[in-house]
1. Taking ALA113, is it over 24 Å from ARG184 (Cβ atoms) and aliphatic (A, V, I, L, M)?
2. With respect to ILE116, is the statement that it is surrounded by fewer than 16 Cβ atoms within 10 Å (Cβ to Cβ) and in contact (Cβ under 8 Å) with a residue 12 or more places away in the chain true?
3. Among the β-branched types (Val, Ile, Thr), in contact (Cβ under 8 Å) with a residue 24 or more places away in the chain and touching a Ser or Thr at 6+ places or on another chain (Cβ under 7 Å), is that true of ILE168?
4. Of everything in segment 72-96, what is modelled with pLDDT of 50 or more and in a helix (DSSP H, G or I)? Give them in sequence order.
5. Tell me the residue from ILE165, ILE150 that is on the phi < 0 side of the Ramachandran plot, aliphatic (A, V, I, L, M), surrounded by 16 or more Cβ atoms within 10 Å (Cβ to Cβ) and touching an Asp or Glu at 6+ places or on another chain (Cβ under 7 Å), please.
Amino acid sequence: MINYKQASRRLIGSFTLVIVSACSTTPVTPPPPIVEIEIPRAPAPAVSIPAPDSAVISELPNQADINPNLVPVSPSTIASGQQSPAVIALLNSADTAQQQGNFKSAQTTLQRAQRIAPRDPEVYYKLAVTHRNLEDYRLAEQVALKGVSIVQGQTRQLRKFWLLIADIRMQSGDIVAAEKAEYRASRY
């Protein structure tokens, strides 16, 4: 049976608790408005620091002494001629997969070669070609541009990469960018 006396006490006790807790809270006041003040800044004064006498070049080299055939070579040029047997095997495997039209397998194989030889321009070139064949033009161009950064100072390689970039851009439909890449290739 329902004991109305106990139920009413519980109800009154709960109601009293709600009223007391509502009265004991502090009223919420909105925060003051934020006012932005712009402080004008004066430009920093120019400072002139004289170079030490030892840093001054006394004489420029004679133009006749400069060898025009000498091209600066990046350190990666020296290392790129020496491929590990594992990289050679992976490149051959990727070539076989490409010839069979299995571009995903070639991509996976070349990514493994890239992890083994992260400064090998041949790996980047073939990987960019594979991405182009998979019609992932954005990634193909990024990989080719990474290859360009690796082969700095190697004119044949730079021309090869820029022609590839031109082809990638042409296939992606960006004719203006393709022409710029072709122009860049013609400079090498």
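The values are calculated or read from the model by the stated rules, or taken from the named source; none is laboratory data. Because the structure is predicted, anything quoted here is derived from the model rather than measured. Positions of Cβ are backbone-derived with ideal geometry, glycine not excepted, and every protein chain shown enters the neighbour counts.
1. Criteria met by ALA113.
2. Against the criterion (surrounded by fewer than 16 Cβ atoms within 10 Å (Cβ to Cβ) and in contact (Cβ under 8 Å) with a residue 12 or more places away in the chain), ILE116 qualifies.
3. No: the conditions fail for ILE168.
4. Once the filter is applied, which keeps residues that are modelled with pLDDT of 50 or more and in a helix (DSSP H, G or I), segment 72-96 yields PRO85, ALA86, VAL87, ILE88, ALA89, LEU90, LEU91, ASN92, SER93, ALA94, ASP95, THR96.
5. Answer to the check: ILE165.
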